[in-house]
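Quick one: this structure, given as structure tokens, is what I'll be asking you about.
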Amino acid sequence: MVIEQFGILYPGIIPTEIGNQTRFVLEHSAYGTLLEDLKKAIKSFNPNISDYDAMALAKGGVIKDLNSVELSVNYAHKKGTSGTKCN
């Protein structure tokens with residue numbers, strides 16, 4: 001599949017050159033939709049999680065620069081001190 005066709009099949013994902021290799025990334029404007037979809041997916045597993053915590057977890061999966069509260073939320077869920085534990 002050529003790069004031009006990729007853009008037609010996957011709108012919002014654009015080619016970029018990184019280290020002399022073509023990589024495909026989301027356009028900046030597409031991240032809002034991606035994060036909202038991730039938040040909804042997280043809430044589908046645990047409907048009792050707050051919208052804020054779900055968004056913090058969604059952002060933690062794709063964004064490097066989280067604020068201190070989002071980092072704390074992610075850490076607490078990762079360590080099992082917050083949220084619902086898996087069986």
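The values are calculated or read from the model by the stated rules, or taken from the named source; none is laboratory data. This structure is a prediction, so every number in the text was calculated from the model and none was measured. Remember, those area values only see protein heavy atoms, side chains included, never the ligands or the DNA or RNA. Shrake-Rupley method; radii C 1.70, N 1.55, O 1.52, S 1.80 Å.
Heavy atoms only, 1.4 Å probe, whole protein assembly: order Lys39, Lys78, Lys64 by accessible area, highest first.
Lys64, Lys78, Lys39
For Ile13, what accessible surface area do you get with a 1.4 Å probe? Give it in Å², rounded to 10.
Accessible area, nearest 10 Å²: 50 Å².
Turning to a different aspect of this structure: How large is ³J(HN,Hα) for each residue in region 59-74, as worked out from phi by the Karplus curve 6.51 cos²θ - 1.76 cosθ + 1.60 (θ = phi - 60°), to whole Hz, x for Gly and Pro?
5, x, x, 9, 10, 7, 8, 9, 6, 5, 5, 5, 4, 5, 4, 4
Pull out the extension gain between Gln5 and Asn48, defined as 0.36 nm times the separation in residues minus the alpha carbon to alpha carbon distance; nm, one decimal.
Using 0.36 nm per residue and subtracting the Cα-Cα distance, I get 11.4 nm.
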